[in-house]
Structures are given as structure tokens and as C-alpha cells.
């Protein structure tokens, strides 16, 4: 068929070139784009949607609490900080947002066997957050599940090494050690998580043995109370005992010095008496006898008078109103203390209930040495 024959579909257009196929003509592409932009066909809307999609897929906004993990063709590329960012459109680059500031909590009650073979239920409370978004997503299969299993394993290990008293009374120190151990485990497992808090708020026995457990706790509390009271009593009594001991030592030292001084004086006095006795034996003997009698009379209520050695009981109340006997100054005694009067003493004058006996004549001294 001729190219320009009447009824031909080509009309007035140039004849198509012959050859293997239709060649590429830039003018044809421009004409088609012009037709799409000028017309109202679906191509115009498709181009608009494509443009909006390109803008949307290249712009990424990361919030303050998040971190963006950029994957380029499925492989880790970089970390996006909070703020607006540009990236290659999908499927070239893709962003996974991870909340890096959210504090997650894991709680569980763990039955544990202690080192002294006691079963105790320990309440576990772990608070954690994402520290490394890359490791959190790609370091392990499920970081949250790994943390839960590692927490249970750590608590069983730490409590299993401790006895029941430590678990009940030193849970804070046990929790600190468990947190350190858990941090090392999470780093070894490449979870990208960090523990912000680990607590063991309560430890209690199973319900089957709770009554016996309560008895043990009560006894432990009584023991602690008695120990505290004993320490308080010791803190009070020991200083008092030390003060009393110091006082007794001071008194003993004083008595010691007094006894030494008294013994020294007695020794010196005895030495002087020996010299006097050598010079005048009778006079010295009589003087010593009189001094001894004076000392004895001051402590005795019985009066012995005359050669008959008759005992005379003197009522002290009446004796105070009776005429006082003339007594040598050497033998003066207290008012209420009767004395033993030797033959050399002055006669006893009695009135009232003394029996009506008159005064007794004094006896002459035996020798001139008897008079002092």
C-alpha cells in the first residue's frame, strides 16, 4: 500500500521509515510529554502522585525520643539523630525508628533455691532502655526476650550463692551485684540494652512453709532486739564500771599511803618508846598501861572499881546528872562510854541508884613513878 494514497491511516504525515523496526525519535517523546501535561488524561495524575511520593520518601523526621536506623538495600548505613533528614527514596533506603529514651519495665516472681537449701520466691523488677539502636535491631534476634531470660538467670545465680539470711536481710547489696552481672551478660549477648534499675523488693517463702518461715523471722527479730539491748546496756554499764574501778583504785591508793604513813609513825614511836623503856622501864610500862586503859574505857560500858573487882552498872541517864568523878586528864572518856577504872584512878562518886554508898577514900599511889 502506498504511504500517501487516499484512505491511508497516515494521512499527511511523513512516511514511516523502513527497516527492522521503529527508531527512537526525541521529538516523539517531547510531544507525548506535552500531550500529558496539556491534556486531562491519567498520566498527569500519575506524574503528580509520583512526584509527591518521591518528596515524601526522601524526607524523614525523627522525634526527640527516637533514633533513626537507616538501611540501604537492607544493610545498616547510619544512625539519624532527632530532627529532619533527607535520604534516598524507597527501596534504596529505609528508616527504622527506635525509641531510645523510653524506660521499659520487666517484673517477675522467681522461685529460687538458696545455698542453704531453702526455697524462696524473689520478686524481680528490672527497668531498662535502648542504648545502641543498631545492636538492638541487629545484634540479636529478640533483645527484649534475651533481657528477660538473662535477668532470671542472673537472679537465680546470685540468690543461689547466698544463704537465706542474706536474701532476707541484704537484698539491696544482692540487687547491686545482680545488676552488675546482668549488664555484663547484656553486653556479651549484644542486645544494645542498658539496665537503669534492678530491684528485689520482696523475698518470701512458698505458702506451704510460710508459718514456719514467719516463726524464723520472728526469732531473728527477737535476736536482733536482744543484741541491741545488750549493746545499749554494755555501753551504759561499762563506763560506770570503769569510773567505779577508778574510784576504788584511788581509795585503795589513799589507804595504802595512809597505812604506810601510819606504820612508819608507829615504827618511829616504838623506836622512841624503846629508848624511853631502856631509860625508865617502870615509868614507861605504867604509861603504856594507862594509855591502853584509856583506849579501852572509851569503848566499854562496865566500870570496875576497887580491889574487889566488883562490877558496877551505872545508868547513863542518871550518871549525866550525878556528880562527876574527878578523873585524871589522861583517862578522860566520852560522856556515854563507861570505863574500867584501875586502882590508881580517883574514887567513883555515885548518887541516886548507886545503892547509897558513900565516897570511897582514894588509895595512895604505890610509887612516885605512878604519877604522871
Quiz item: Here are 142, 132: which of them is free of Cβ contacts under 8 Å to residues at least 24 places away in the same chain and closer than 13 Å to residue 190 by Cβ?
Solution: 142
Practice problem: Looking at (1) at pLDDT 85 or above; (2) more than 17 Å from residue 183 (Cα to Cα), find the lone condition where residue 154 falls short. | Solution: (2)
Self-check item: Positions within region 155-165 being buried (at least 17 other Cβ atoms within 10 Å of the Cβ) and without any contact (Cβ under 8 Å) to a residue 40 or more places away in the chain, in sequence order
Solution: 158
Quiz item: Within the bounds of region 98-113, is there any residue that is farther than 13 Å from residue 137 by Cβ, more than 42 Å from the chain's Cα centre (by Cα) and surrounded by 12 or more Cβ atoms within 10 Å (Cβ to Cβ)?
Solution: no
Quiz item: Do we have any residue at all in region 188-197 that's surrounded by fewer than 15 Cβ atoms within 10 Å (Cβ to Cβ), over 18 Å from residue 128 (Cβ atoms) and touching a helix residue (DSSP H, G or I) at 6+ places or on another chain (Cβ under 9 Å)?
Solution: no
Self-check item: Residue selected from region 82-120 under the condition touching a strand residue (DSSP E or B) at 6+ places or on another chain (Cβ under 7 Å) and without any contact (Cβ under 8 Å) to a residue 24 or more places away in the chain, by the criterion farthest from residue 158 (Cα to Cα)
Solution: 92
Quiz item: residue 194: over 21 Å from the mean Cα position of the chain (by Cα) and under 22 Å from residue 161 (Cα atoms), yes or no?
Solution: no
Quiz item: Of the conditions (1) in contact with a strand residue (DSSP E or B) (Cβ under 8 Å, 6 or more places away or on another chain); (2) surrounded by fewer than 20 Cβ atoms within 10 Å (Cβ to Cβ), residue 172 fails just one. Which one is it?
Solution: (1)
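The values are calculated or read from the model by the stated rules, or taken from the named source; none is laboratory data. A quick note: this is a predicted structure, and the numbers were derived from the prediction, not measured. Cβ sites come from the backbone with ideal geometry, for glycine too, and all protein chains shown count toward neighbours.
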